[in-house]
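Contents: one structure, followed by commentary.
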Amino acid sequence: MSYTAPIKDMLFDIEHLANIAQVSQMPGLEDAGLETAQAVLEECARFNRDVIAPLNVAGDRHPSSFKDGRVATTPGFKEAFAQYVAGGWQGLQHPADFGGQGLPKTIGAACGEMLNSANMSFALCPLLSDGAIEALLTAGSDELKTTYLEKLVSGQWTGTMNLTEPQAGSDLAMVRSRAEPQPDGTYKIFGTKIFITYGEHDMAENIVHLVLARVTGAPEGVKGISLFVVPKFLVDKDGSLGERNDVHCVSIEHKLGIKASPTAVLQYGDGMAASIANSAGPGAVGYLVGQENRGLEYMFIMMNAARYAVGMQGIAIAERAYQQAVAYARDRVQSRPVDGSINASAPIIHHPDVKRMLMTMRAYTEGCRAMAAVAAAAYDAAHRHADADTRRQNQAFYEFMVPLVKGYSTEMSLEVASLGVQVHGGMGFIEETGAAQYLRDAKILTIYEGTTAIQANDLVGRKTARDGGQTAKAIAAQIEKTEAELAKQDSAAARAVHKRLKAAREAFVEVVDFVAGQTKSSPNAVFAGSVPYLMLAGNLVAGWQLARSLLVAEKLAAAGTDTAFMNAKIATARFYAEHILNKAPGLRDSIVDGAESVTALALDAF
């Protein structure tokens, strides 16, 4: 089925939760108000509906292929990418100094959701380029910026992130790729990198790899890792493409989902024929980013950008699965309604359990979208606000949000995509209906850019224990203010949301105290509940944003503004509170009281 972007819901979040009016008052963002947001989102929706979405099924059925060292992407991808580049979409939220449009993340995030809903395999190429651009903007020398950024921002060249090696997955201390300094200031790079998204493809004339490697003589562990730019083709002084570098694709993976996205094994420095190695000997030419032995610090800039973007992928795939499930439920006729309202077989959307599944899908998706929109606005304030203290506060909030957006949104996308298959019944298990693709595609989201457990460990260690829970409790204090506003409302929906939000916030604070107080003394007990803590925190923050949505929607509905939409928003917020947010106290129990049973079983008993 076709994809229709949920522009109205996105604009509601951008206007009322992310507060685009405030964002557009920040230096450099004066033209990025609600009117701009609406114009950009409408054009983005049209482009993704007409150009990108029609290639989604084709990409699943006719994946990227590999032959003689070359990757051919799904038929139509190359032409669609050319249109994506021509439309300026790659540079949407990158600086105008390098040819971008300089729009805030508050707008860019919604466009990212659309692209991923339309075709997640396609969207991965721009996603990795965004990360490479962020890293070079932050840590690249003026020469590297001048050489690479304009072409990356335009989309003429694409970027990759090279961390993983056969023996080094998430444990980057085990990275063995090596970098040998050369007299001219460059380095020769040697090693094998695996799971490199769009590491080789035919959609752009050059690919700019950002590669972690260890300089000869560097310290062991993560302190000895540096970051390098290693282009597929070297760049001459006039900006034109020069010789082929000594890096090539050995193979691509055969995957459960995102099949159109080529996941490459890249070999650096093995003396590739018809490359720079012919004249200079083996070794891929690399250029140091920033300082030696600070590569992990720079790579985290890319990883944080990518982690937020992967969270948006979760929201995107959930939205697509929801749209398909609703369309099927309206068409599929089976059984009479249990209340006798129709004296014949009816579309399954009339049945209470189907409504429950669809509402679960809708509430999860809207809650996570709202959470991500507010996080994006915090990112913009952290980078653009005139006041230094406001920047610091928003940076702390955004950093706390990243593991929630990544971890909670991707875990929920699995549940939503699974429910999508369930709504279809037996037809959902048949590939031709398309529901199964969303479930297969969604599975990678809880794995790449750091598994859910890695996001949870980050939430426990860096984001909660390190500051004694101060940031977490500051968020809880903001939630308490929303509770006070709910308490003033005289409606059943507001009362229901208030009750569940209060209970969830209290459960969260208890867990924060447990994590902050026990991480050093009882690390196994705390980390046994790290993922449940992440799920509780994500659930709470998404529920909080829907509670804020309800307050806005009740006010606007009372004023007669788009009452159908506002009433649907109120109903969705209440459903989230009564069917999803109410899980929070149980998660608190498993975290605080259940650690012992996680570790009780002897290892040889498994």
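Distance between Cα centroids, the range 2-62 to the range 513-536: provide it in whole Å.
If you average the Cα positions of each part, the centres end up 37 Å apart.
Å³ per residue of the Cα convex hull, for the range 459-596?
On the way: hull volume 12.3 nm³, N = 138.
Considering the Cα atoms of the range 459-596, their hull volume per residue is 89 Å³.
With respect to the cross-link table entries Lys78/Lys232; Lys355/Lys481; Lys502/Lys569, which display a Cα-Cα separation exceeding 26 Å?
Check vs 26 Å cut-off fails for Lys355/Lys481.
Just to check, using Stokes-Einstein with a Kirkwood Rh over alpha carbon pairs, what's the diffusion coefficient of the range 189-275 at 10 °C and 1.306 mPa s in µm²/s?
It comes out at roughly 111 µm²/s.
For the range 249-264, just list the computed ³J(HN,Hα) in residue order, Karplus coefficients 6.51, -1.76 and 1.60, θ = phi - 60°, integers in Hz, with x standing in for Gly and Pro.
Karplus values, whole Hz, x for Gly and Pro: 7, 8, 6, 10, 7, 9, 10, 5, x, 5, 5, 6, 7, x, 9, 9.
Given the DSSP H assignment, sum -39500 (n - 2.57) over each helix run of at least 4 residues in the chain and divide by its residue total; what's the result at 222 nm in deg cm²/dmol, nearest 500?
Details: 21 runs with 319 residues, N = 606.
After summing the helix terms and dividing by residue count, I get -17500 deg cm²/dmol.
What pairs from Lys223/Lys443; Lys193/Lys237; Lys473/Lys520 go past 22 Å between their alpha carbons?
Violating the 22 Å limit, Cα to Cα: Lys223/Lys443; Lys193/Lys237.
Which length gain, in nm to one decimal place, applies between Arg462 and Ala173 when the Cα-Cα distance is subtracted from 0.36 nm times their residue separation?
102.2 nm
About its Cα centre, how strong a charge dipole does the range 459-596 have in debye, to the nearest 20, once Lys and Arg get +1 and Asp and Glu get -1 at the Cβ?
Using Cβ point charges on Lys, Arg, Asp and Glu, the range 459-596 gives about 260 debye.
Could you work out how far the C-alpha centroid of the range 139-153 sits from that of the range 327-364, in angstrom?
Centre-to-centre distance over Cα atoms comes out at 54 Å.
Order the peptides 339-347, 488-496 from the highest to the lowest mean number of other Cβ atoms within 10 Å of their residues.
In descending order of packing, they fall as 488-496, 339-347.
How would you rank Lys232, Lys67, Lys145, Lys259, going from fewest to most other Cβ atoms within 10 Å of each one's own Cβ?
Lys67, Lys145, Lys259, Lys232
Take each of the peptides 476-483, 531-538, average the number of other beta-carbon atoms within 10 Å over its residues, and list them starting from the highest.
The peptides rank, most packed first, as 531-538, 476-483.
Please turn the phi angles of the range 29-43 into ³J(HN,Hα) values with the Karplus equation 6.51 cos²θ - 1.76 cosθ + 1.60 (θ = phi - 60°), one per residue in order, whole Hz, x for glycine and proline.
10, 4, 8, 9, x, 5, 4, 5, 4, 5, 5, 5, 5, 5, 5
What are the equivalent ellipsoid semi-axes of the range 431-513, built from the alpha-carbon gyration tensor (square roots of five times its eigenvalues), in whole angstrom, biggest first?
Semi-axes, largest first: 32, 24, 8 Å.
Counting pairs of alpha carbon atoms under 8 Å apart in space and at least six apart in sequence, what relative contact order in percent does the range 459-596 give?
Values: 167 pairs, mean separation 45.8, N = 138.
Worked out over the range 459-596, it gives 33 percent.
Can you list the aspartates and glutamates whose alpha carbon is less than 16 Å from that of Lys499, not counting same-chain residues fewer than 8 positions off?
Glu480, Glu483, Glu485, Asp490, Glu578
Normalised by the residues of the chain, what does the relative contact order come to in percent, with Cα pairs under 8 Å and at least six apart? Intermediate values should be presented prior to the final figure.
Values: 1157 pairs, mean separation 76.0, N = 606.
Computed value for the chain: 13 percent relative contact order.
What does the highest-first list of 421-427, 214-220, 4-10, 509-515 look like by mean Cβ count within 10 Å?
The most tightly packed comes first, giving 509-515, 4-10, 421-427, 214-220.
Between (i) 20, 53, 25, 2, 0; (ii) 17, 39, 27, 11, 5, 1; (iii) 17, 47, 25, 8, 2, 0, 0, which matches P(r) over Cα pairs in 20 Å bins from 0, in percent calculated for the structure shown?
This structure yields the entry labelled (i).
Give, to the nearest whole percent, the P(r) tail of the range 398-462 beyond 13 angstrom, counting all Cα pairs.
62 percent
Going by alpha carbons, how many degrees (0 to 90, nearest 10) lie between the helix axis of 470-487 and the longest principal axis of the chain?
The angle comes out near 30 degrees.
Show me, for the range 167-175, the HN-Hα J-couplings you get by feeding each phi into the Karplus relation (A = 6.51, B = -1.76, C = 1.60, θ = phi - 60°), rounded to Hz, glycine and proline as x.
My calculation for the range 167-175 gives 9, 10, x, 7, 8, 6, 4, 8, 4 Hz in order.
How large is the translational diffusion coefficient of the range 287-386 in µm² per second when you combine the Kirkwood radius over alpha carbon pairs with Stokes-Einstein at 20 °C and 1.002 mPa s?
Translational diffusion coefficient: 124 µm²/s.
No value in this document is a laboratory result; all are computed from the given coordinates. Computed from a predicted model, the values in this text were never measured in an experiment. Glycine also receives a Cβ, built like all others from the backbone with ideal geometry; neighbour counts cover every protein chain displayed.
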